[in-house]
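The values are calculated or read from the model by the stated rules, or taken from the named source; none is laboratory data. Bear in mind the structure is a predicted one, so any value in this text is a computation, not a measurement. Note that each Cβ is placed from the backbone with ideal geometry, even for glycine, and that neighbours are counted across all protein chains shown. Just so you know, the surface numbers come from the protein's heavy atoms only, side chains and all, with ligands and any DNA or RNA stripped out. Shrake-Rupley method; radii C 1.70, N 1.55, O 1.52, S 1.80 Å.
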Amino acid sequence: MCLSIPSKVVKIDKERNVAVVDTMGITREAGLELMEEDDVQIGDYVLLHIGFIMNKIDEEDALESLRVYNEILEKLDEEERRSLVEEDDNCPNRGA
Amino acid sequence: MSQLQLKDLYDGFRNPEVIEGFAKLINEEAKKLPKPVNIMEVCGGHTHSIMKFGLPQLLPKNINFIHGPGCPVCIMPKERIDHAYILAELDDTILVTLGDMIKVPGSHGSLQDARAKGADVRFVYSPLDTLKIAQENPDKKIIFFAIGFETTTPMTTSLIDIVIKKEIKNIFFHINHVTVPEVMVELIDSRDEHVDSYNNRIDAFLGPSHVSVITGSKIYEKFPKKYNRPVVVAGFEPVDVMEAILMIVRQFNEGRCELEVEYKRLVSYDGNKKAQALIEKYFEKASLFKWRGLGNIPDSGYRLKDEYAYLDAEHIYADILPKEEIEDHKLCICGDILRGMAKPNECTIFGTACKPQTPLGSCMVSSEGACAAYYKYGNLL
Ligand code: SF4
Ligand code: SF4
């Protein structure tokens, strides 16, 4: 029930206080009652919950997380390569 | 053009390689742990993610999950479902509630059963759908049976706000909103009647995702400070959960006990203030709310303020709504399970009298409950 999905705002209807959002390619409306006036703009990423926008997604923070994850992967990858090289250096079959 | 694509918001936080990457880091870090760590994920949304993505298999033996109270649906006591059932059966009413409530059994049966017997029950996606039902049925009383944690509470108050502002005369409310910090306190700081002690095995909490979007992380301050349990607020995606686990393990290794937020892209310290203001305007804390499996928990529910009693179905129909408590099943050990003191298969009626089709306790009601998960995934856990 609370597994709200990220969506993108594509249109705002000020009169009815609703936003039209794109959720994984599906377009639907969401109430803006829980957001401050003018806080939500077209292009914003938002979290949708049972017909309402409950918050905006902090784009910079999301990007920062994704960047950190990439770094972790690269670092692990490097460590893996290094340990492969080291393993090779210490190969028991070489009789060293 | 923004750099972030909608797709990144899904895929980026489910990337199997990143999950693997975190698994490696956690396994390294966990070698240094002085003793095993039991992490309770409070919300069933996390349980769901943990199961679906098989996270326990990726973690070392000294990190365990204790599956929490799950969700506002599972913990709904029979008494409250009976209220809904009785209200739905009235000739001049339509009972409206969220789809999640369909199957939860009360003592007369579930709302699905009520509907099969001819009661007018409507399951909706959003509280706002109630407006249309009210408009199309001017001669009926529409009762919105409101459920949910803090995540869902402001949506109910928005509907109340609209009903009052537009002077809609045929919508009423039966309020069953419950709050998270109070049940966390209950689990770690109150006497357990079954084992007659204050025992629990919870070492740290994975804080709920979307509850915290509304409340802000501030509601968990007291857990590290007063109760000595670290809290890391985490998103629902598997990468979020893994990152949060790493953060918890690091806290133990570094001798810290803090409130941290992994889910910064959506959770601030203060939360959504407009939503909080709406809740405050219409609701006050009910002195007790009974949770299925855990009993009465002080201050853990909301009720409509007295000035809005004219909208309150519990008040209006007080004569026909029973007030007696209904005992949980004698053999059910949900309370112990939620405190991490017992595993579902230690319950003597697990899988026999109590199964997902015929749940006798809260942990078996939804697929997110600990017993239901055990039933489904067996010894994978
Ligand atoms: S429905 Fe319940 S378990 Fe599922 S996410 Fe919401 S609170 Fe958590
Ligand atoms: S198996 Fe059923 S009765 Fe036993 S603890 Fe779980 S929910 Fe309760």
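Among the candidates B:THR156, B:THR130, B:THR151, which residue alone is in a helix (DSSP H, G or I), within 15 Å of ligand 1 (Cβ to nearest atom) and within 12 Å of chain A (Cβ to nearest Cβ)? Step through it out loud before you land on a result.
Values: B:THR130 fails: within 15 Å of ligand 1 (Cβ to nearest atom); B:THR151 fails: in a helix (DSSP H, G or I).
The match here is B:THR156.
Is it true that B:PRO34 is surrounded by fewer than 22 Cβ atoms within 10 Å (Cβ to Cβ), more than 13 Å from ligand 1 (Cβ to nearest atom), more than 14 Å from chain A (Cβ to nearest Cβ) and more than 23 Å from B:GLY293 (Cα to Cα)?
Yes, satisfied.
Tell me, please, whether a residue that is without any contact (Cβ under 8 Å) to a residue 24 or more places away in the chain and either closer than 19 Å to B:ARG303 by Cβ or basic (Lys, Arg) (or both) can be found in region B:118-134. Even if it seems obvious, please write down each step before you answer.
First, the residues of region B:118-134 that are without any contact (Cβ under 8 Å) to a residue 24 or more places away in the chain: B:118, B:132.
Filter once more, keeping what is either closer than 19 Å to B:ARG303 by Cβ or basic (Lys, Arg) (or both): B:132.
Yes, region B:118-134 contains at least one residue that is without any contact (Cβ under 8 Å) to a residue 24 or more places away in the chain and either closer than 19 Å to B:ARG303 by Cβ or basic (Lys, Arg) (or both).
Yes or no: region B:342-353 includes at least one residue that is within 23 Å of the chain's Cα centre (by Cα) and within 16 Å of ligand 1 (Cβ to nearest atom).
The answer is no, given that none of the residues of region B:342-353 is within 23 Å of the chain's Cα centre (by Cα) and within 16 Å of ligand 1 (Cβ to nearest atom).
Consider B:ALA370 carefully, then state whether it is within 16 Å of ligand 1 (Cβ to nearest atom) and surrounded by 14 or more Cβ atoms within 10 Å (Cβ to Cβ).
Here the answer is yes, as B:ALA370 does meet what is asked.
Of all residues in region A:1-58 being in a loop (DSSP other than H, G, I, E, B) and within 16 Å of ligand 1 (Cβ to nearest atom), which is most open to solvent (accessible area, probe 1.4 Å)? It would help to see each step written out before you state the result.
The first filter runs over region A:1-58 and keeps only residues in a loop (DSSP other than H, G, I, E, B), leaving A:1-4, A:14-17, A:24-25, A:32-44, A:50-51, A:57-58.
If we keep only those that are within 16 Å of ligand 1 (Cβ to nearest atom) as well, we get A:1-4, A:50-51.
Details: A:MET1: 54, A:CYS2: 17, A:LEU3: 73, A:SER4: 17, A:ILE50: 15, A:GLY51: 6 Å².
Residue satisfying both the conditions and the ranking: A:LEU3.
Answer with yes or no whether B:LYS330 is out of contact with any Phe, Trp or Tyr (no Cβ under 9 Å at 6 or more places or on another chain) and of a type in the set (D, E, K, R).
Spelling it out, B:LYS330 is indeed out of contact with any Phe, Trp or Tyr (no Cβ under 9 Å at 6 or more places or on another chain) and of a type in the set (D, E, K, R).
Search region B:59-99 for residues being in a helix (DSSP H, G or I), open to solvent by 20 Å² or more (accessible area, probe 1.4 Å) and in contact (Cβ under 8 Å) with a residue 40 or more places away in the chain, and hand back the single one that is farthest from ligand 1 (Cβ to nearest atom).
B:ILE86
Tally time: how many residues in region B:54-90 are more than 16 Å from ligand 2 (Cβ to nearest atom) and over 15 Å from B:ALA146 (Cα atoms)?
Of the residues in region B:54-90, 15 are more than 16 Å from ligand 2 (Cβ to nearest atom) and over 15 Å from B:ALA146 (Cα atoms).
Pairs under 7 Å by beta carbon, first residue within 9 Å of chain B (Cβ to nearest Cβ) and free of Cβ contacts under 8 Å to residues at least 12 places away in the same chain in region A:18-44, partner open to solvent by 40 Å² or more (accessible area, probe 1.4 Å) and outside any strand (DSSP E or B), six or more apart or different chains?
Listed by first residue and then by second, the contacts come to A:GLU36/B:LYS274.
Being open to solvent by less than 20 Å² (accessible area, probe 1.4 Å) and either within 16 Å of ligand 1 (Cβ to nearest atom) or assigned to a loop (DSSP other than H, G, I, E, B) (or both) is the filter here; which residues of region B:312-328 pass it?
Residue satisfying the conditions is B:LEU321 alone.
Using the structure shown, decide if B:LEU331 is open to solvent by 70 Å² or more (accessible area, probe 1.4 Å), in a loop (DSSP other than H, G, I, E, B) and either within 16 Å of ligand 1 (Cβ to nearest atom) or not charged (D, E, K, R) (or both).
yes
Among the listed residues B:ILE142, B:ILE168, which satisfies the condition of being more than 14 Å from every other protein chain (Cβ to nearest Cβ), assigned to a strand (DSSP E or B) and modelled with pLDDT of 95 or more?
Details: B:ILE168 fails: assigned to a strand (DSSP E or B).
B:ILE142 is the lone residue from the list that is more than 14 Å from every other protein chain (Cβ to nearest Cβ), assigned to a strand (DSSP E or B) and modelled with pLDDT of 95 or more.
Please report, ordered by residue number, the helices (runs of 4 or more DSSP H) entirely within region B:198-257 with at least 1 residues that are aromatic (Phe, Trp, Tyr).
Fully inside region B:198-257 and qualifying: B:222-225, B:238-253.
Among the listed residues B:GLY293, B:GLY235, B:GLY216, which satisfies the condition of being under 21 Å from B:THR152 (Cβ atoms), crowded, with 17+ Cβ neighbours inside 10 Å, touching a helix residue (DSSP H, G or I) at 6+ places or on another chain (Cβ under 6 Å) and not polar (S, T, N, Q)?
B:GLY293
Could you give every pair whose Cβ atoms fall below 6 Å, whose first residue belongs to region B:147-162 and is over 17 Å from B:ILE219 (Cβ atoms), and whose second residue is more than 14 Å from ligand 1 (Cβ to nearest atom) and of a type in the set (Asp, Glu), counting only separations of at least 6 or pairs across chains?
B:SER158/A:GLU33
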